[in-house]
Amino acid sequence: MKVVVIVVALILASCNGVKKMSMDDENTENAGSDNMLELVMQDEAAVFDTDTLLIIRDGKRLKSFFSKLNRTRKPGLPLPTIDFSKEMLVIQCNAQQDENGIVPLYLIDETDSEITIGLKRKKLGKNKAPVMSNPFCIYKMPLSSKEIVLK
């Protein structure tokens with residue numbers, strides 16, 4: 001009986017170890033040392049007609065964005081907790097999602113006057129049908145007065 005309990009405990013411990021390791025790899029990939037953009041939220045919103053990139057540096061604009069988002073939602077999405085004295089938000093709104101899914105943003109270059117971010121395109125998989133929705137992603141980054149440029 002003791003042997004069975006020990007074997008079951010070892011199996012459970014090894015399963016949690018693998019899960020923990022894969023989560024660490026994912027966090028390392030998303031929070032690379034050269035990428036200062038951190039994904040905060042990702043969802044769909046039917047209120048955007050065109051592809052848009054919003055830079056939010058204060059709580060008033062964030063509340064305005066979420067009030068527009070939550071007009072069509074019951075219950076509405078909660079506002080993320082952001083310290084605007086240290087951080088700002090970059091919101092990527094897409095009119096439609098293509099067959100690649102949501103294309104994440106990443107840092108390309110930073111100069112004295114601007115921060116250049118780009119879209120990280122992925123190769124198409126076989127037999128993927130286009131998904132028609134209006135996705136948006138909210139990224140958090142350190143506060144900066146530099147101009148944000150999307151390429």
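Derivation of every value follows stated rules applied to the coordinates shown; laboratory data play no part. Note that the structure is predicted; figures quoted are calculated from it, not measured. Glycine gets a Cβ as well: all are built from the backbone with ideal geometry, and neighbour counts include every protein chain shown.
A few notes on this one:
- Net charge over other residues, Cβ less than 11 angstrom from the Cβ of Lys140 (K, R count +1; D, E count -1): -2
- The slack between Asp58 and Lys2, meaning 0.36 nm per residue of separation minus the straight C-alpha distance, is 14.2 nm.
- For the pair Asn70 and Thr111, label points projected 7 Å from Cα toward Cβ lie 4.0 nm apart.
- Cα-Cα over 18 Å, subset of Lys68/Lys146; Lys63/Lys140; Lys60/Lys86; Lys60/Lys140: Lys68/Lys146
- Neighbourhood net charge (12 Å Cβ-Cβ; Lys/Arg +1, Asp/Glu -1) for Asp58: +2
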